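Student: Dumping the structure here so I can ask a few things about it.
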Amino acid sequence: MGNTGKRIAAAATIITLAPTFAAAQTGGGDGNPGGLQIDVGVSTGLTYDSNLSLDPGGDDASIWDTGLTFALSSVAANQRLDLVASGVLRYIDSGGDTDFGLEDTRLRFGYQRESLNSRLDLTASYSDVDRDFIDPFVDTSDSGSGGSVATTDLGLRYETGLQDPLGFWIDLSHNKVDYSDTTDPDLDDNRTDRAEIAARMNVSPVSTVTLSASERRYEEDVTPIQTDRTTTTTYLARLEHELDQVYTLDLGLGHARIEDEEAGLTTITSGLVGFVGATRAMTNGIATARLETALETEGRRSNLTFGREMELPTGTFAATIGASRAPNGDVDAIGSLAYVQRTRTGELTVILARTTYSDDEDNVIDTSASASYRHEINAVSRLDFGVAWSLVDRSSGGPEDETEFTRISAAYTRDLNADWDLTGGVTYRDRSDTDDGDADSTAVFVTLSRNYSFRP
């Protein structure tokens, strides 16, 4: 879509009634009680979208998607293996041009093994998706403006000494993002590698000390001959102490060094980092307070937050409120709210979030809100309603630079029988961008899906 926003933090619980879908979804073995299990999901659907790319003057699109998801899981007493593969056979007619082929391929692997005194966790995933089909509430930098994005993630974490006074862990991760055929000049291929090693010591029944060292390397291919690099090294000492049965103290103090190489010029930022937090146990939840300071490429950022989590008779409530001081001296309000209310016939979820971060010397303010409601009509049918809004402000006191998204969705789902579900609905989207102008779209969709499991 041509916007330059880094990300919009979307609530994980928001109901996304998308007019198109990546593939039939299965639990990937989440419901496996043990042993070997195979889960298969099949879905097919038709969608008409008046402006799929959500660009000013964009073309309408007619889409026929047939998705398949295959999941294999093996669960034993001390280990678990998951393998999930999915893809979409897509026919699309947009602007007089047609295309047909396999899209949105995704692979995911996970392996966990745990013994009495150690734990191993291996993860790997790969996806290659059309950027016009990416939800802008997940990542504004990866949605719209054509082309595709391939993402590879690898992870390894090993912990030992889980039951001993002295324990260790190592945590390694790799992320690679490759763009192709996109018209957005602000999207560059990039790679991130991170390594952490730590030692944990139980110095008393109520006190734990952790010493850790980590390094994060980020590389971005700005041009075929220019690669920008940022290396962040952090050393941290942490103390977790239970003052009594009510109060818990969490202290951290360390040193960070950021080496940033851009256009052949290298700048170094270093200094102390740390945090102090307190938690109070209450009859229906906890109350928290936290002050932290950290280094970014542009300088130091400090946050002060207060939080409250509560278990309600028919739901949950969690909220934080605070302030963030940016490297340029700006002080902005931050916070979050997550409220879930269960009723006899459905569930209401409300999410609010406001965060800040630095990007290309800008202090970015990211605000989002969403609400969803599910109403169970009867044993075989339901209604889903969702509304979501987000605003990314990169103005930093200068000329206006904002990107705003709105989405309103409604869907009806009916269980045709024990295996097949039919879903139909409508989605309205609106986007307003300071640089690229305004655009909106209306989509109607209908999908037929089936998920089933069997055990060889």
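The values are calculated or read from the model by the stated rules, or taken from the named source; none is laboratory data. Keep in mind it's a predicted model, so treat the numbers as computed, not measured. Cβ atoms come from the backbone with ideal geometry, glycine included; neighbour counts cover every protein chain shown. We work out accessible area using only protein heavy atoms, side chains counted, and drop any ligands, DNA or RNA first. Shrake-Rupley method; radii C 1.70, N 1.55, O 1.52, S 1.80 Å.
Student: When you go through 297, 305 one by one, which is the residue that is within 23 Å of residue 365 (Cα to Cα) and in contact (Cβ under 8 Å) with a residue 60 or more places away in the chain?
Tutor: Being within 23 Å of residue 365 (Cα to Cα) and in contact (Cβ under 8 Å) with a residue 60 or more places away in the chain holds for just one of 297, 305, which is 297.
Student: Out of the residues in region 398-425 that are over 24 Å from the mean Cα position of the chain (by Cα) and among the aliphatic types (A, V, I, L, M), state the one that is modelled with the lowest pLDDT.
Tutor: Out of the qualifying residues, it is 418.
Student: Which one is farthest from residue 47 (Cα to Cα) among residues in region 376-400 that are open to solvent by less than 60 Å² (accessible area, probe 1.4 Å), touching a residue at least 60 places away in the same chain (Cβ under 8 Å) and not in a strand (DSSP E or B)?
Tutor: 396
Student: Just for region 105-139: of the residues that are of a type in the set (Lys, Arg) and under 19 Å from residue 179 (Cβ atoms), which one is least open to solvent (accessible area, probe 1.4 Å)?
Tutor: 131
Student: Taking the conditions exactly as written (in contact with a Ser or Thr (Cβ under 7 Å, 6 or more places away or on another chain), in a strand (DSSP E or B) and open to solvent by 50 Å² or more (accessible area, probe 1.4 Å)), does residue 407 satisfy them or not?
Tutor: Numbers: in contact with a Ser or Thr (Cβ under 7 Å, 6 or more places away or on another chain): yes; in a strand (DSSP E or B): yes; open to solvent by 50 Å² or more (accessible area, probe 1.4 Å): no.
Criteria not met by residue 407.
Student: Hey, can you tell me all the residues within region 435-456 that are open to solvent by less than 60 Å² (accessible area, probe 1.4 Å) and modelled with pLDDT under 90?
Tutor: 436, 437
Student: Then there's this: Can you go through 413, 423 and tell me which one is open to solvent by less than 20 Å² (accessible area, probe 1.4 Å) and among the β-branched types (Val, Ile, Thr)?
Tutor: Being open to solvent by less than 20 Å² (accessible area, probe 1.4 Å) and among the β-branched types (Val, Ile, Thr) holds for just one of 413, 423, which is 413.
Student: Among (1) in contact (Cβ under 8 Å) with a residue 24 or more places away in the chain; (2) surrounded by fewer than 16 Cβ atoms within 10 Å (Cβ to Cβ); (3) in contact with a Gly (Cβ under 8 Å, 6 or more places away or on another chain), there is one condition residue 102 misses while meeting the rest; what is its number?
Tutor: Tallying (1) in contact (Cβ under 8 Å) with a residue 24 or more places away in the chain; (2) surrounded by fewer than 16 Cβ atoms within 10 Å (Cβ to Cβ); (3) in contact with a Gly (Cβ under 8 Å, 6 or more places away or on another chain), residue 102 fails exactly one: (1).
Student: Residues of region 194-217 being open to solvent by 70 Å² or more (accessible area, probe 1.4 Å) and in a strand (DSSP E or B), which ones?
Tutor: Those that are open to solvent by 70 Å² or more (accessible area, probe 1.4 Å) and in a strand (DSSP E or B): 194, 197, 203, 211, 216, 217.
Student: Out of curiosity, is residue 159 touching a residue at least 40 places away in the same chain (Cβ under 8 Å), under 30 Å from residue 258 (Cα atoms), in contact with an Asp or Glu (Cβ under 9 Å, 6 or more places away or on another chain) and not aliphatic (A, V, I, L, M)?
Tutor: Against the criterion (touching a residue at least 40 places away in the same chain (Cβ under 8 Å), under 30 Å from residue 258 (Cα atoms), in contact with an Asp or Glu (Cβ under 9 Å, 6 or more places away or on another chain) and not aliphatic (A, V, I, L, M)), residue 159 qualifies.
Student: One residue is enough: does region 161-183 have a residue meeting the conditions at pLDDT 95 or above, on the phi < 0 side of the Ramachandran plot, of a type in the set (D, E, K, R) and surrounded by 18 or more Cβ atoms within 10 Å (Cβ to Cβ)?
Tutor: no
Student: Inside region 341-363, can you point out the residues that are open to solvent by 30 Å² or more (accessible area, probe 1.4 Å), under 22 Å from residue 135 (Cβ atoms) and in contact (Cβ under 8 Å) with a residue 60 or more places away in the chain?
Tutor: Of everything in region 341-363, just one residue is open to solvent by 30 Å² or more (accessible area, probe 1.4 Å), under 22 Å from residue 135 (Cβ atoms) and in contact (Cβ under 8 Å) with a residue 60 or more places away in the chain, namely 355.
Student: State yes or no: is residue 209 among the β-branched types (Val, Ile, Thr) and in contact with a Leu (Cβ under 6 Å, 6 or more places away or on another chain)?
Tutor: Judged against the criteria, residue 209 is a match.
Student: Counting only residues that are free of Cβ contacts under 8 Å to residues at least 60 places away in the same chain and under 24 Å from the mean Cα position of the chain (by Cα), which one in region 73-97 is most open to solvent (accessible area, probe 1.4 Å)?
Tutor: Checking each candidate, the answer is 83.
Student: Condition test on residue 229, is it surrounded by fewer than 17 Cβ atoms within 10 Å (Cβ to Cβ) and either in contact with a helix residue (DSSP H, G or I) (Cβ under 9 Å, 6 or more places away or on another chain) or charged (D, E, K, R) (or both)? Break it down stepwise before answering.
Tutor: Working: surrounded by fewer than 17 Cβ atoms within 10 Å (Cβ to Cβ): yes; either in contact with a helix residue (DSSP H, G or I) (Cβ under 9 Å, 6 or more places away or on another chain) or charged (D, E, K, R) (or both): yes.
Against the criterion (surrounded by fewer than 17 Cβ atoms within 10 Å (Cβ to Cβ) and either in contact with a helix residue (DSSP H, G or I) (Cβ under 9 Å, 6 or more places away or on another chain) or charged (D, E, K, R) (or both)), residue 229 qualifies.
Student: Output yes when any residue across region 50-71 is closer than 28 Å to residue 163 by Cα, open to solvent by 30 Å² or more (accessible area, probe 1.4 Å) and of a type in the set (A, V, I, L, M), and no when none is.
Tutor: So in region 50-71, the residues closer than 28 Å to residue 163 by Cα come out as none.
No.
Student: A further question follows. Any residue at all in region 239-254 that is open to solvent by 50 Å² or more (accessible area, probe 1.4 Å), over 19 Å from residue 215 (Cβ atoms) and in contact (Cβ under 8 Å) with a residue 40 or more places away in the chain?
Tutor: No, every residue in region 239-254 fails to be open to solvent by 50 Å² or more (accessible area, probe 1.4 Å), over 19 Å from residue 215 (Cβ atoms) and in contact (Cβ under 8 Å) with a residue 40 or more places away in the chain.
Student: Go over the candidates 59, 49 one by one and state the one that is in contact (Cβ under 8 Å) with a residue 60 or more places away in the chain, out of contact with any His (no Cβ under 6 Å at 6 or more places or on another chain) and of a type in the set (D, E, K, R).
Tutor: Being in contact (Cβ under 8 Å) with a residue 60 or more places away in the chain, out of contact with any His (no Cβ under 6 Å at 6 or more places or on another chain) and of a type in the set (D, E, K, R) holds for just one of 59, 49, which is 49.
Student: Which condition number in (1) surrounded by 21 or more Cβ atoms within 10 Å (Cβ to Cβ); (2) modelled with pLDDT of 95 or more is the one that residue 366 fails?
Tutor: (2)
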